[in-house]
1. How do M181, M204 stack up against each other in accessible area, from largest to smallest, with a 1.4 angstrom probe?
2. Could you give the length gained by full extension between L161 and F256, i.e. 0.36 nm per residue of separation minus their alpha carbon distance, to one decimal place?
3. Using +1 on the beta carbon of Lys and Arg, -1 on that of Asp and Glu, and nothing else charged, what's the dipole of the stretch 38-108 about the Cα centre, debye to 20?
4. Straight-line reach from K300: which lysines have Cα under 17 Å away, leaving out those fewer than 8 places along the same chain?
5. Please list, ordered by chain and number, the residues whose modelled amide H lies under 5 Å from the amide H of G106; skip anything fewer than 5 residues away on the same chain.
6. Strictly over 24 Å apart at the Cα level, which of K103/K179; K81/K298; K81/K179; K243/K275 would you flag in this model?
7. For the chain, what is the calculated [θ] at 222 nm in deg cm²/dmol (nearest 500), taking -39500 (n - 2.57) for each run of four or more DSSP H residues and dividing by its residue count?
8. Using packing as a proxy for protection, rank 39-52, 210-223 so that the peptide with the highest average count of other Cβ atoms within 10 Å comes first.
Amino acid sequence: MVMALAVVDTAYAEDSSSAYSFLNIPASSHVYGLGGNNICIIGEDVLLADQNPALIGPELEKQVAVNYMLWQTTGNFAGVKYGMAADDHSAWAIGLRYLNYGKFDGYDEFGTPTGTFTPSDLIIEGTYSRDISDRWRGGANLKMVYSSYEQYKAFAIAADLGVNYYDPEHDLSFSVVLKNMGGQVKRFTERYARLPFDVQIGYMQTLGRSPIQLSITAHDLVRWRIPYYSYTNGDNGETMVYKNGFFRNFFRHLIFGLQYQPSDRFYAALAYNYKTASDMSSYNHSFLSGFSLGIGFKVKGFSADVSYGIPHKSGSTLSINMAYTISSLME
């Protein structure tokens, strides 16, 4: 019971500000390769909808996609999503994601073992998007979330609203998203667990005539201060130090990415997320913490994406996507 309560309180070790921070884990390997958060990627990929519902549109043919993520060597996350155009100006998608965090040992308040349990979350989501003009598109996500942590159960409803501006002549994409609006319908305990509401702004553009794209995503814009703790070695041994300051807070709001995309059939991505690096900082943190990389290709109606990151020295994350355009069978 005690261990179960600890899981309920943290739920997602990288950011304990909300018991529902797992909603920020991307389903798309392409997104994870670009830092774990990107609301501006332009492409016919139904899995981008959970980042920004305005990223799917009438150009999306009947597509089914599956995703799998091995999260820091212990969590197993998987999902499936289907989407298609609704008419000449809109599209829709539905999906399901299951997040399994591995086995935990349970104990009561006296330290007596109560057995093992497997905390998990289930997300059922639907997306609708519509063209506003030739370059602007808006969309909405609705997410129903069921969580089970030992004997503690909870149910929540969340919604995302997003807009995207895309200039094809300059290959410039700009987006604004309101994420995770909503709340709990059924609580774990008497205490209310809030959803990780966020306002995000993103920019992505090809650099001149090169095949390289620059991506900048600003997140956690509903708060300025995002302090964190790290370890330092002092005269009295290791000491936990509270980190704050203007530049630390500023860069913890930003994710920088570079993407090499010589054609619509291939890309390679590299990104740096300072917040991930600082959240995971400790006496044994990895130099590669905060970096992620990804690669993807398309062959006819089939596409595959793989991304990899090392948030901490003791655990890495691997994400894999596969998608198939059903209508290509008729060609």
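The values are calculated or read from the model by the stated rules, or taken from the named source; none is laboratory data. Note that this is a predicted model, so its numbers are computed, not measured. As a convention, Cβ positions derive from the backbone with ideal geometry for all residues, glycine included, and neighbour counts pool all protein chains shown. To get the accessible areas, we keep the full protein, side chains included, count just its heavy atoms, and leave off ligands, DNA and RNA. Shrake-Rupley method; radii C 1.70, N 1.55, O 1.52, S 1.80 Å.
1. If we order M181, M204 from most to least accessible, we get M181, M204.
2. Stretched out fully, the L161 to F256 stretch lengthens by 31.9 nm.
3. In total the dipole reaches around 240 debye.
4. Qualifying lysines at Cα under 17 Å: K62.
5. Under 5 Å from the amide H of G106: T114, G115, T116, F117.
6. In this structure, K103/K179 lie more than 24 Å apart at Cα.
7. -2000 deg cm²/dmol
8. 39-52, 210-223
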